[in-house]
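The values are calculated or read from the model by the stated rules, or taken from the named source; none is laboratory data. Please read these numbers as outputs of a predicted model, since none were measured by experiment. Reconstructed Cβ throughout: ideal geometry from the backbone, glycine too, with neighbour counts over all protein chains shown.
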Amino acid sequence: MKIKKSDNPDFVAKLKRMFVEGKYKKLMIGILIVIIYYWALSGAKFSPSDFVKGFPFMADFVKRMFPPDISNLGKFLLKAVETLQMAIVGSTLGALIAFPLSFLAARNIMHNKLIYHGVRTIFDTCRGINEIVWGLIFVSMVGLGPFPGVLALTAHVTGALGRYFSEAIETADPEVIKAIVSTGANKIQVITRGIFPQVKPLFLNYVLYYLENNFRAATVLGLVGAGGIGMELITSMRLFRNREVLTILIIMVLMVTLIDRFSAYIRKNVVRIESPK
Amino acid sequence: MIKIKNLSHMYKNRSEEALRNISLHVKKGESVVIIGSSGSGKSTLLKCINRLIEPRTGKIFIEGEDIVNCHEKKAEKIRGKVSMIFQNFNLIERNTVIDNVLNGRLKYMSTVRTILGRFSREDYRVARENLKRVGLEENAEDRVSSLSGGQKQRVAIARALSQRPDIILADEPVSNLDPKLMKEVMDLLKKICDEKGITLVTSLHFLDFAKRYGSRIIGMKNGTIVFDGKPVDLTEKDIVDIYGKTEDWYLYGKTGF
């Protein structure tokens, strides 16, 4: 069907009403979603038959994992602790760097557009590069081991926390800030007494979240040789020691659960996050 | 005390001026009440006085010092002499009462001590004394979020007093309180200012309140001053000038005429 716009504007308007605004709007959106999804699936080479065909291999893989081999348990546990240490150092270091910078990237504090956009760009770059990629970069810079892993976590977390911190600062109530300004306080005093108390719970919340996140990230950093329990995992996998692989996986799941519990406890009892009024 | 000359202000993206050519002289110890309907410019005028809002044109002198055409550092210094009380209290809700009152002491503190959170013994003494003055010494360690509206505004008054101000600007200080608390809070504020000789400039919605607490009333409409005089001189015609139609008067409490 060909529609000549100039011939019949009423007809075009009618069509527009029907499909864009009217009763067929939902249908049109539905068709659009199906098209996009079909396109995405075809690109992802999604194949349920391959998945089903692969089941026996998976079953075989899992079968050969049992029973878990605990002869190297001590070593794995030490590596798990190393992973936790990496996560703690990486998160806190990232938070410490992000903290002062985030004030420079908050619109309600930094009125200089150049600095504001500059710092934002740094954050976005740091955050945009995945921990694994940072790991590859730092391994080639300082060699194998947990140190490049820590650097990788720090780099990514600085970007991520910087972004979230500065957005939290922008949500601070401007009226409360005005009240502190009205006491005759200087800029730094306004930030420490007027803005920071408002955003402190959010900040702590983000840091805790990234501690959890970094433990998970640190486990995979071993895959590129940047320390942690992931290094043991990749070694055991390459040597087909499937029973050790299971032991390591169990340790990893337990550690993540433990850290989740820990940060939930902190959130509840130390930060005391209150529901907003 | 406060001298305003040809003050005009216009907000961004607005076509009408919020303040038009305001000139005003407030003497020491006066209790000035600004009345007017919403959008008449009361709040803008108050916030220009301590330069929370940067006025477009005009001059403002606080005790002879120009607060508009000066460096930010100087403005901070002048602001220290002027306390402000807000309609929404503007306290840090999750912090304690005493912590909020101590914020009134910031002008006496160095930046480094502020960052370390180390207020002096004198700061604590003044803060506690002022909490006692507003009747909240028992609540010093409570979180502000657990207080009632009336208590919150009294905390804000204690914060304002801890600044040891010469002037208090109160921007609709009781508009968020119920009628009984309105009177309590205004009585307290007025009494303290009278005792200490603090110049008080308040914006209020209700005529009754304005006449009760003002030694001088300023009526505003569309960004200009339409009345300036003693409460007894306020005529029915003036009220029409300020609030408009007679039938809307009950909104502002026209009792007592």
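When B:E76 is tested against (1) within 10 Å of chain A (Cβ to nearest Cβ); (2) closer than 24 Å to B:D187 by Cα; (3) of a type outside the set (A, V, I, L, M), just one condition goes unmet, and that condition is (2).
Please verify whether B:K47 is outside the structural domain of B:S148 (by TED's automatic domain parsing), under 24 Å from B:M182 (Cβ atoms) and charged (D, E, K, R), treating the condition exactly as stated.
Numbers: outside the structural domain of B:S148 (by TED's automatic domain parsing): yes; under 24 Å from B:M182 (Cβ atoms): yes; charged (D, E, K, R): yes.
Yes, satisfied.
Taking the criterion of being of a type in the set (D, E, K, R), at pLDDT 85 or above and more than 22 Å from the chain's Cα centre (by Cα), would at least one residue in the stretch A:219-240 satisfy it? Before you say what the answer is, go through the steps one by one.
First, pick out the residues of the stretch A:219-240 that are of a type in the set (D, E, K, R): A:232, A:238.
Among the residues that remain, those that are also at pLDDT 85 or above are: A:232, A:238.
Add one more test, that the residue is more than 22 Å from the chain's Cα centre (by Cα), and what stays is A:232, A:238.
Yes, there is a match, as at least one residue in the stretch A:219-240 is of a type in the set (D, E, K, R), at pLDDT 85 or above and more than 22 Å from the chain's Cα centre (by Cα).
Residue count for the stretch A:123-178 satisfying the condition of being within 24 Å of A:A106 (Cβ to Cβ) and surrounded by fewer than 18 Cβ atoms within 10 Å (Cβ to Cβ): 10. For the stretch B:132-158, the set of residues classified as outside any helix (DSSP H, G or I), surrounded by 20 or more Cβ atoms within 10 Å (Cβ to Cβ) and without any contact (Cβ under 8 Å) to a residue 40 or more places away in the chain consists of B:L136 only.
The residues on offer are B:M84, B:M109, and the sole one that is out of contact with any Gly (no Cβ under 6 Å at 6 or more places or on another chain) and within 7 Å of chain A (Cβ to nearest Cβ) is B:M84. Say we look at the stretch B:210-238 and pick out the residues that are surrounded by 17 or more Cβ atoms within 10 Å (Cβ to Cβ) and of a type in the set (G, A, S); which of these is nearest to B:D194 (Cα to Cα)? It comes out as B:G214. Of the strands (runs of 3 or more DSSP E) that lie entirely inside the stretch B:159-240, those containing 1 or more residues that are in contact (Cβ under 8 Å) with a residue 40 or more places away in the chain and more than 21 Å from B:V101 (Cβ to Cβ) span B:199-203, B:216-221, B:224-229.
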